[in-house]
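Chemist: I'd like to ask some things about the structure below.
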Amino acid sequence: SEQLFVEMADRMVADGWRDAGYEFICIDDCWMAPTRDKQGRLQADPTRFPSGIRKLADYVHSKGLKLGIYSDVGNKTCAGFPGSYNHYDLDAQTFASWGVDLLKFDGCNSDSLELLAEGYRRMSLALNKTGRSIVYSCEWPFYLRPVQQPNYTEIKQYCNHWRNYYDVYDSWSSIKSILDWTALHQDSIVKIAGPGGWNDPDMAMIGNFGLSWDQSVTQMAMWAIMAAPLFMSNDLRHISPEAKCLLQNKEVIAINQDPLGKQGYQLAKDKNFQLWERPLSGRAYAVAVLNHQEIGGPQNFTFSLTFLGNGLACNPACSVRQVLPASRDWGVYSWISSLSVEVNPTGTVLLKV
């Protein structure tokens, strides 16, 4: 309801989320009335959004925030509300006239892959034609993938970020499957990511109920490594101080938002451990050591610094700083040094080298 989004906007400002860099409040599926109006335009559910979306957008903007909304490329949304098929220009104009700043465009109920691709292209052009700056979030490759390999060069021409894989759930098995899928497909997806277009592994579940503390740290660290858009799916009215602290961690957000915009990748796997790196601006690297073991206690993983950045990250020497699970300086190391990292089960240690 609009009341919920108003409360979230208030929390975003009062609790420091906006100042930490979170600026979008996004409405997902089910915001619409079941039918379009007499002019064929989408309309908000009159009971739950009695003041309309324009009024809500004005409120959100008055707080220094931006509003996101949801629609679908097909004739119905995933939940069965009116889709944008055959209405791309009209819906884009409607969203722009309401002051919307982001469109999440889903891919349910499209009759063919040709129509799906055409719909994503047409909505992109329609959004641009409005003259309003609107972030365009696509599910295009996810709906293509069962049948054909997506053309990411084309997708990046039209979309600002795109989902490749199933919806995230508030569970460790979900986070783990997203990371496994990403590592498996990194050769085709990592190189396309950069300013203007990003792979979207879906939302942060931190602050809900399904993830342990170590698993929450893992999601935050790995989303930063993957240059993922940081969207939270949680209730800011009932979030623990620990989860809030993790989501607002300035050092991790700085890695996530690094201006070089390169996505990280898995460097090595060894038994239960994974070693990931992400090139950062200023010749730095973010390095994540993930312990996949789900039982037992903390375990050590040792690796040579020559591994990192094709041997260049620490040549002839480098400083190492631990960012997660807690921040502390590890000092200066030479190129031929090894690092030994202790990692909790399902946890991650995030370093900046």
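Chemist: Angle between the Cα long axis of helix 172-184 and the longest principal axis of the chain, 0 to 90 degrees, nearest 10?
Modeler: Relative to the chain, helix 172-184 is tipped by roughly 80 degrees.
Chemist: What is the ratio of the Cα radius of gyration of region 1-130 to 2.2 N^0.38 Å, where N is its residue count, to two decimals? Mind dumping the intermediate values first?
Modeler: Values: Rg = 14.9 Å, N = 130, 2.2 N^0.38 = 14.0 Å.
That ratio works out to 1.07.
Chemist: What is the chain's relative contact order, in percent, from Cα pairs under 8 angstrom and six or more apart in sequence?
Modeler: Once divided by the residue count of the chain, the mean separation gives 11 percent.
Chemist: Using the basic label-point model (7 angstrom from Cα toward the beta carbon), what is the TYR166 to ASP28 distance in nanometres?
Modeler: Rounded to a tenth, the inter-label distance reads 1.5 nm.
Chemist: Which whole-number percent gives the relative contact order of region 112-163, counting Cα pairs below 8 Å spaced six or more residues apart?
Modeler: 42
Chemist: While we're looking at this one, here's another question. Which order do peptides 327-338, 276-287 fall in by mean Cβ count within 10 Å, highest first?
Modeler: In decreasing order of mean packing, 327-338, 276-287 become 276-287, 327-338.
Chemist: What percent does the relative contact order of region 265-352 come to when contacts are Cα pairs within less than 8 Å and at least six residues apart?
Modeler: So the answer I get is 32 percent.
Chemist: Another one. So I have [x] 21.3, 71; [y] 24.3, 90; [z] 26.5, 81, and one of them is Rg and Dmax of the Cα atoms in Å calculated from this model. Which one is it?
Modeler: It is the value labelled [x].
Chemist: Okay, next question. Determine the gain in length on full extension of the stretch LYS269-GLU118; use 0.36 nm per residue of separation and subtract their C-alpha separation, reporting nm with one decimal.
Modeler: 50.4 nm
Chemist: If you don't mind, there's one more thing I want to ask. Quick one: work out the % antiparallel among DSSP beta bridges in region 66-181, nearest 5.
Modeler: 10
Chemist: Okay, next question. Taking the highest mean first, how do the peptides 59-67, 24-32 order by number of other beta carbon atoms within 10 angstrom per residue?
Modeler: Highest mean packing first, the order is 24-32, 59-67.
Chemist: Can you work out the FRET efficiency for the pair LEU184 and GLN148, with r the C-beta to C-beta distance and R0 = 30 Å, to the nearest 0.05?
Modeler: My answer for the efficiency is 0.95.
Chemist: Still on this structure, please answer the following. What ranking do 146-154, 87-95 get when scored by the average of other Cβ atoms within 10 Å per residue, highest first?
Modeler: 87-95, 146-154
Chemist: I'd like the orientation of helix 88-98 relative to the chain: the angle between its Cα long axis and the longest Cα principal axis, in ° from 0 to 90, rounded to 10.
Modeler: Around 80 degrees separate the two axes.
Chemist: Would you mind checking the tilt of helix 113-129 against the longest principal axis of the Cα atoms of the chain, expressed as 0 to 90 degrees and rounded to 10?
Modeler: Roughly 80 degrees between the two axes.
Quick note: the coordinates plus some simple rules give every number you see, no bench work behind them. Since this is a predicted model, take the numbers as computed values, not measurements. As a convention, Cβ positions derive from the backbone with ideal geometry for all residues, glycine included, and neighbour counts pool all protein chains shown.
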